[in-house]
Amino acid sequence: MKLAVIATAAVMVASTASAFDLGNGLSAGAEVDMNYTTGVETWALEAKPELAFSTMGLGLSVGSTFDLMKLNESDAFTGLDFDASYPLGMGLTAYGEVSTDADFEFGDVKVGASFKF
């Protein structure tokens, strides 16, 4: 079983991923992450689908995270993640983030600025 999991991870790492451009600033894509945590000795296989819209520098996205190893369980859906960002120039970006739970109840809003150099 472990060999099958490692082979699947190798195939996923070897393939390239890119978002589909839907036109008019819309794009759809997903990220698949397989990892192993030492100490607790657990494997995780997560899929993170995302729909994004960008225009005039403003970026908006909504996505979620699904644990593919627990798809048959009732708690596979954990909610949605909403992000907004706007580049201010010279590596500075303003952003906002908020997430919901599985019942679509919103959590705390996080706003800030990041600097990339």
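Every number here is computed from the coordinates shown, using simple stated rules; none is lab data. Quick caveat, the model's predicted, so the values are computed rather than measured. Note: ideal-geometry Cβ built from the backbone for every residue, glycine included; neighbour counts use all protein chains shown.
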Amide proton proximity set for Leu88, modelled H, under 5 Å, gap of 5+: Thr93, Ala94
Let me know the volume per residue of the alpha-carbon convex hull for the stretch 38-117, in Å³. 139 Å³
So between Thr100 and Glu73, what do we pick up on full extension, going 0.36 nm a residue minus the alpha carbon distance? 7.8 nm
Loop only per DSSP, at most 14 neighbouring Cβ atoms within 10 Å: give me the trypsin sites (Lys or Arg not before Pro) in the stretch 12-117, ordered by residue number. Lys116
Would you kindly state how much longer the chain becomes between Ser27 and Leu88 on full extension, computed as 0.36 nm times their sequence separation minus their alpha carbon distance, in nm to one decimal? 19.7 nm
For the stretch 90-98, 3J(HN,Hα) per residue [Karplus equation, 6.51 cos²θ - 1.76 cosθ + 1.60, θ = phi - 60°, Hz, x = Gly/Pro]: 6, x, 9, 10, 8, 8, x, 9, 8
Equivalent ellipsoid semi-axes for the stretch 32-76, as square roots of 5 times the alpha carbon gyration tensor eigenvalues: give them largest first, rounded to whole Å. 29, 14, 7
